[in-house]
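S.K.: The following block contains the structure, expressed as structure tokens.
Nothing in this text is a laboratory measurement; each read-out follows from the coordinates by a stated rule. Keep in mind it's a predicted model, so treat the numbers as computed, not measured. Here the Cβ positions follow ideal geometry from the backbone for every residue, glycine too, while neighbour counts run over all protein chains shown.
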Amino acid sequence: MRLDTGAEALQLATSPVILISACGLLLLSMTNRLGRAIDRAHVLIREQNDRNIEQIAIIVKRARYIRTAILFTTICILLNSILVLALFISVHLAVNIAGLVVLLFSFGLISLTTALMSFMKDIFSALRALDIEIQHASPPLADAVGQT
């Protein structure tokens, strides 16, 4: 891939830059979820009883899923930042970087996919924790939401 003008580099860099912006929003959401999980774990640890131990175990698992999601989202941002930099360097040095572009963008998308799968695991774990809480609640509450 040989780019002759800075305008071509700007056109090619649009997708990675949009992806970086989207990942930034995902990171914001993920860090908020991590903070809430950690705060909830602190409360449960202070009120520690047999029922809370199961909840704490789920929260620890959730925090690990979120940590993994944050890691892979950050890797995606890093790879796409390197991609944008490589595109502009290729214009300046007039070198063929087609293979590098494909590699960086592909690994960035794989990283993002991994992050989203881990993020979904966190969401499913949070719902599992809610189910446990409802099961231990008073019978009218469990009946109202369909739990037995």
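S.K.: Quick one: check the C-alpha center-to-center distance for segment 83-144 versus segment 9-41, whole angstrom.
M.R.: Their Cα centres are 9 Å away from one another.
S.K.: May I ask you to sort 45, 20 by Cβ crowding, counting other Cβ atoms within 10 Å and putting the fewest first? If you can, show how the numbers build up before the last one.
M.R.: Numbers: 45 12, 20 19.
Ascending number of Cβ neighbours within 10 Å: 45, 20.
S.K.: Calculate, for residue 74 and residue 130, the FRET efficiency according to 1/(1 + (r/R0)^6) with r their C-beta to C-beta distance and R0 35 Å; round to the nearest 0.05.
M.R.: 0.80
S.K.: Additional query: Can you tell me the orientation of helix 98-135 relative to the chain, as the angle in degrees between its alpha-carbon axis and the longest Cα principal axis, to the nearest 10?
M.R.: Tilt relative to the chain: about 10 degrees.
S.K.: Let me have the 222 nm mean residue ellipticity of the chain computed from DSSP H runs of 4+ only, each contributing -39500 (n - 2.57), with the sum over all residues rounded to the nearest 500.
M.R.: Rounded to the nearest 500, it is -31500 deg cm²/dmol.
S.K.: Which is farthest toward the positive dipole end of the chain among 56, 111, 26, measuring Cα position about the Cα centre, with Cβ charges +1 (Lys, Arg) and -1 (Asp, Glu)?
M.R.: Most positive-ward Cα: 56.
S.K.: Calculated FRET efficiency, residue 48 and residue 28, Cβ-Cβ r, R0 22 Å, to nearest 0.05?
M.R.: Working from the Cβ atoms, E equals 0.10.
S.K.: Can I ask one more? If you filter segment 1-78 for GluC sites (Glu not before Pro), then keep DSSP loop positions with at most 13 other Cβ within 10 Å, what is left?
M.R.: 47
S.K.: Quick one: 38, 75, fewest Cβ neighbours within 10 Å first, how do they rank?
M.R.: 38, 75
S.K.: How far is helix 6-46 tilted off the main Cα axis of the chain, in degrees rounded to 10, range 0 to 90?
M.R.: Tilt of helix 6-46: around 20 degrees.
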